[in-house]
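What follows draws every value from the coordinates through simple rules; no lab data is involved. Please read all numbers here as calculations on a predicted model, not as lab measurements. All Cβ positions, glycine included, derive from the backbone under ideal geometry; neighbour counts span all protein chains shown.
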């Protein structure tokens, strides 16, 4: 059988400036969209063939949404955009001297390069945690977690040993940011509304959801009111919140904390930190300790003229309000992406470019049915109305009418039926790894 | 880390007759449903935690439906049925002398045993075909095929070599039954309506869909009119139909036929046959050459009093219209399941039982947009109206309002947009095997 030739990208030379975007997350997508109709060739590289709406991964993991509702094929999104090219592949290194990138499918020349490859999970060097925990960054992670949660409950039926049962029915979530808080809320809803119907043979009071946060409060990036309300909501739902507590080691069974305390659980979800994933070839001094890339106010990588970095991957210098860079969240990435598309056009047209100013529109997190915390510029709110705001903002942010409709219908359905319909184990092997 | 104890099923003894059902397909589900409210303990064993609506697997494989729309968790289906127990596990063997089954999660006693474990793909001993082709029996098969189709198209962009390109863009479907015919239709719709938008860089005229059938006509179980119309529809859609042609070998690249002809393709879909998957422990003489189990007119396994087999797994003796057993399709399985539930009640109540009579309500297959062939008892029809009948029958057969709604909406959406939205590669590794 002849091997596939995968050393050539076969991207047509259009005789126009070529802008390569690495990564089709929130930031990269905005750059590509912003260049529509402009006389440039846009080439998007991504490891997947679809954009993932990461803020709702936790709902896939907890059986609330089906996978296809929160992902969107790149080719579908850009099928009407001329001069847009997509390539599925991994970018291995950058050669700034030759203006090329090396990828898993060959070498490609660029005129302008946009690094928008986001962030990866940060285990802070703890190899055992990395090996034994489940992160929450990709659609596969969320399917894997869903499989594991349901499989654990099925396995709980097979034992009378209380420790074994606890190890299966207790879930430890590390990281008190939005992902951790929302996941803890969703898991305790499964415990309250879904599992008692499904597992009448089990004593569900044995099931515990632990949320572990190294700092003194949840939702550290939000207001004090939001943090306090989130804590109150979670505790009312029965979530065991451990503040000022961090994980020292985890072997897949025993979680050991810095305080010396221990917990037994076969499921540890790691949502405690992210870091950049720098690509080889850039000057070492433009990479921060956290793996992000230093950029100026135009998102230009320090020391380069035609290489830009946006979103989680970038640390912008000179924004006095954010000395450590903008928050690693969708809004800065999208705003930077939008401005960068405009600036790239201006550069090619030899017009002056504009510096980036982050407009913090606020942030929010939901904690189960009817409850959310929302910090907006104009006002802060918690509870039922906040929950509506949360749903509205997420719904309008999902790409595509069909996906919006499916998510909305799923939410309605869950709301009125107290059901989470996708409690499926879909995997070939026993470990639940797809 | 303590190992999980998986040698005990921990199924409570209710002091009622225990009926164990092996397999939650169309047949097994009817038995369980039919026993609702009766004074018996029903225990369902399945390898998966959900029922799969197999007739629509091909639509998942061709990006038309999302996985969750055609599967349904057993626990959800039976949450309101008292004395129903579900266990996820593989049944390894039967001990008729002790009235027990050995499973991957331990040994369990039964009073009555119902084998409803369906069929598996039959490769007729061709190891190379088994290793290199994709079957169409489980949800994982369909995701794997979807991943492969999309990945092949992505890879086609990376080569100029016409043979390599053909090997990626040509698809060979073996088996001219409903699955093969419907899959061929759906693939040629992708070629016509979806891929030209997605892959403007590719010359899609290179893409060929081959349908290979060993017999002289397609849809062998249906009327001559249906076979002829199906052939005409497929040929009009550009499908290359090879009749009187069977596969001799396939190494993952070169398909060699009994006629000596060859085709080059990296994707061979095997829908050419099924066989029973007998479970160890029954008398050898009650297993047919095709691995099905001989039953009497009450679906009782020949030689046993309290062991029954239904559906694909069973060959009923004494039905003169079907000397080789009933067709291996959903309707006989469902009808047998329904009657067996009634007969089990009668046996336990010491009442006389009723023999099975198959009511052939007809069969159907769809061939892309607007076209289907339908053979009913009352009339035969082909074309647009048949397509409506096909949709209606499938829609009412799917379990659950939510799934019906999602499938209906997806069909509407596809119909008016000519789109198949789920063209996703969702897999961790490069081979597209989930």
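Mind telling me which of B:193, B:326, B:51 comes out most flexible in a GNM of chain B, alpha-carbon contacts under 10 Å?
It is B:193.
Using only Cα atoms, locate the centre of region A:185-243 and the centre of region B:368-434, then give the distance between them in Å, rounded to an integer.
Using only Cα atoms to place each centre, the spacing works out to 40 Å.
Note the angle between two axes, namely the Cα long axis of helix B:139-156 and the longest principal axis of the Cα atoms of chain B, as a number of degrees from 0 to 90, rounded to the nearest 10.
Its long axis makes an angle of about 10 degrees.
Take every Cα-Cα pair in region B:347-434 and report what % of them are more than 14 Å apart.
Everything past 14 Å amounts to 76 percent.
Starting from the 7 Å offset along Cα-to-Cβ, what nm value, one decimal, do you get for the label separation of residue B:289 and residue B:369?
Result: 4.6 nm between the two label points.
Using a label point 7 Å beyond Cα on the Cα-Cβ vector, give me the inter-copy distances for residue B:376 in nanometres, one decimal, shortest first.
Taking the point 7 Å beyond Cα along Cα→Cβ, the inter-copy spacings are 5.4 nm.
From the gyration tensor of the Cα coordinates in region A:20-75, what semi-axes in whole Å does the equivalent ellipsoid have, largest first, with each one equal to sqrt(5λ)?
For region A:20-75, the semi-axes come out at 27, 10, 9 Å.
Two decimals is fine: what is log10 I(q)/I(0) at q = 0.06 Å⁻¹ for chain B, from a Debye sum with one equal scatterer on every Cα and no solvent?
Here the Debye-derived log intensity ratios amount to -0.27.
Out of all DSSP beta bridges in chain A, what portion is antiparallel? Express it as a percent rounded to 5.
Within chain A, antiparallel bridges account for around 50 percent of the total.
Can you tell me the orientation of helix B:401-417 relative to chain B, as the angle in degrees between its alpha-carbon axis and the longest Cα principal axis, to the nearest 10?
Approximately 10 degrees, to the nearest ten.
Over region B:127-272, consider all pairs of different Cα atoms and compute the Kirkwood hydrodynamic radius from their mean reciprocal separation; express it in Å, one decimal.
Hydrodynamic radius (Kirkwood, Cα pairs) of region B:127-272 is 15.4 Å.
Per residue and in Å³, how big is the convex hull formed by the alpha-carbon atoms of region B:109-170?
Given the Cα convex hull of region B:109-170, per-residue volume reads 125 Å³.
Any idea what angle helix B:384-397 forms with the longest principal axis of chain B, computed on alpha-carbon atoms, 0 to 90 degrees, nearest 10?
Result, in degrees: 40.
Copy-to-copy spacing for residue A:125, label 7 Å out on the Cα-to-C-beta vector, in nm, shortest first?
6.3
How many angstrom separate the Cα center of region A:291-324 from the Cα center of region A:92-168?
Centre-to-centre distance over Cα atoms comes out at 25 Å.
Starting from the 7 Å offset along Cα-to-Cβ, what nm value, one decimal, do you get for the label separation of residue A:120 and residue A:384?
If labels sit at residue A:120 and residue A:384, their model points lie 4.6 nm apart.
Can you compute the FRET efficiency between residue A:401 and residue B:391 using 1/(1 + (r/R0)^6), with r the Cβ-Cβ distance and R0 = 25 Å? Round to the nearest 0.05.
Plugging the Cβ-Cβ distance into 1/(1 + (r/R0)^6) gives 0.65.
Starting from the Cα of residue B:90, step 7 Å along the direction of its Cβ; do the same at residue B:232; then give the gap between the two resulting points in nm.
It works out to 4.8 nm between the two label points.
Would you compute, from DSSP H runs of 4+ residues alone, the mean residue ellipticity of the protein assembly as shown at 222 nm, taking -39500 (n - 2.57) per run and dividing by the full residue count, rounded to the nearest 500?
Working: 24 runs with 258 residues, N = 868.
Here the helix-only value at 222 nm equals -9000 deg cm²/dmol.
Consider a paramagnetic label point 7 Å from the Cα of residue B:346 along Cα→Cβ; state which residues of region B:285-299 have an amide N under 18 Å from it.
Flagged as within label range: B:295-299.
Highest GNM mean-square fluctuation, chain A, Cα pairs closer than 10 Å: which of A:202, A:14, A:168?
A:14
If you build a Gaussian network model of chain B, linking Cα atoms that sit under 10 Å apart, which residue out of B:167, B:79, B:421 swings the most?
Highest fluctuation among the options: B:79.
Could you tell me what percent of the DSSP beta bridges with both partners in the protein assembly as shown are antiparallel, to the nearest 5?
50 percent
Percent of alpha carbon pairs in region B:1-132 separated by more than 25 Å?
I get 36 percent for the Cα pairs in region B:1-132 exceeding 25 Å.
Ordered shortest first, which distances in nm separate the 7 Å Cα→C-beta label point of residue B:240 from those of the other copies?
6.4
Short version: what are the Cα gyration tensor semi-axes of region B:384-430, square root of 5 times each eigenvalue, largest first, in whole Å?
25, 15, 10
Need one number: % antiparallel among DSSP beta bridges in region A:15-122, to the nearest 5.
About 45 percent, rounded to the nearest 5.
In angstroms, what radius of gyration and Dmax does the protein assembly as shown have, counting Cα atoms only?
Reported Rg and Dmax, both Å: 28.7, 93.
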